[in-house]
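Encoded as structure tokens, the structure appears first; notes follow it.
The values are calculated or read from the model by the stated rules, or taken from the named source; none is laboratory data. Everything numeric here is computed off the predicted structure, so don't read it as measured data. Positions of Cβ are generated from backbone atoms using ideal geometry, with glycine treated the same way; all protein chains shown enter the neighbour counts.
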Amino acid sequence: MKSIFKGKVYADYYTFYLQDASVTPNYEALANPQDFEKMIAVGEQVLHITTVRYDTVPVSITLFEREPQLKLSTCNRANEASLHISTQLLLGNVISGFQTLALPISIYRVRVLYKNLKALEGASKAKDRYSLQLWREETLRETLYLK
């Protein structure tokens, strides 16, 4: 287990992205109401992750050697999707920009755990957190909406 990122990300329009640096996604096409409710949309080499507030949100990204145990009781929502990184991994959004994260080129499974979503009482008291778990995989797989 290795921490790749732990900090704050600006969720412009309730969204931040995890993507390969080589692509220029059509971000508008990723933002459809059906995926907004599921809190994740998957494009080619990009994940559109929805948040519950339009503000800076806490995000952690951890790389695992193999699939970690899933503990659904610790989160309000959980999704999994595949992401192919062919150059560099980027985290951020279109407005405030992206930061490059150190990660070997590979296909990854990304599990997004959405925590404390019900504890919102205004941006200053918000407790929502977004934990991303990554591990290498051999092939791309379908998106799973686990909780």
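A single entry from F5, F36 fulfils the requirement of being at pLDDT 95 or above and within 14 Å of the chain's Cα centre (by Cα): F5. Here T24 meets the list (1) surrounded by 16 or more Cβ atoms within 10 Å (Cβ to Cβ); (2) out of contact with any strand residue (DSSP E or B) (no Cβ under 6 Å at 6 or more places or on another chain); (3) within 17 Å of I85 (Cα to Cα); (4) not acidic (D, E) almost entirely, failing just condition (1).
Residues that are closer than 20 Å to I4 by Cα and assigned to a loop (DSSP other than H, G, I, E, B) do occur in region 115-128, at least one of them.
Reported count of residues in region 59-98, each being in contact (Cβ under 8 Å) with a residue 24 or more places away in the chain, of a type outside the set (K, R) and in a strand (DSSP E or B), is 20.
Using the structure shown, decide if I49 is more than 16 Å from E137 (Cβ to Cβ) and in a strand (DSSP E or B). Explain how you work it out, then say what you get.
Numbers: more than 16 Å from E137 (Cβ to Cβ): yes; in a strand (DSSP E or B): yes.
It is true that I49 is more than 16 Å from E137 (Cβ to Cβ) and in a strand (DSSP E or B).
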